[in-house]
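Inspection log for the structure reproduced underneath, given as structure tokens.
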Amino acid sequence: MSQIALYVRVSGGGGDEQLTGLASQKDALRRYCRANRFTPFTFYSDVISGASTSRPRFNLMQKRIFAGKIKIVIVWRLDRITRAGSYQGLTIL
């Protein structure tokens, strides 16, 4: 398991727009990691509202952070973690 987590999220609702949003976030993060030699990395992705912190892949990532298995979390934008604001986004990790 990688110590670098890449978290991507789009709001629920289904459809091609959500899949495109996830794909574009993943592509941007993949390019960033390659450019900065951050490897290996593991993606964690959810299709659910950022208003809730109860998200399956987010919760798994969070458990691995608390267990010391993940040292770095990279997101496309901080609002992928939470809609509550930057401070709360950083404190829940």
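The values are calculated or read from the model by the stated rules, or taken from the named source; none is laboratory data. As the structure is a computational prediction, the values presented were derived from the model and not from experiment. For accessibility, only protein heavy atoms count, side chains too; no ligands or nucleic acids. Shrake-Rupley method; radii C 1.70, N 1.55, O 1.52, S 1.80 Å.
Could you put ILE72, ILE81 in order of accessible surface area, largest first, with the 1.4 Å probe and the full protein assembly present? List each step's numbers first, then the result.
Values: ILE72 70, ILE81 5 Å².
Of ILE72, ILE81, the descending order of accessible area is ILE72, ILE81.
In the full protein assembly as shown, how much of SER54 is accessible to a 1.4 Å probe, in Å² to the nearest 10?
80
Just reorder ASP79, ASP46 by solvent-accessible area, largest first, 1.4 Å probe, all chains present.
Values: ASP79 30, ASP46 10 Å².
Output order, biggest surface exposure first: ASP79, ASP46.
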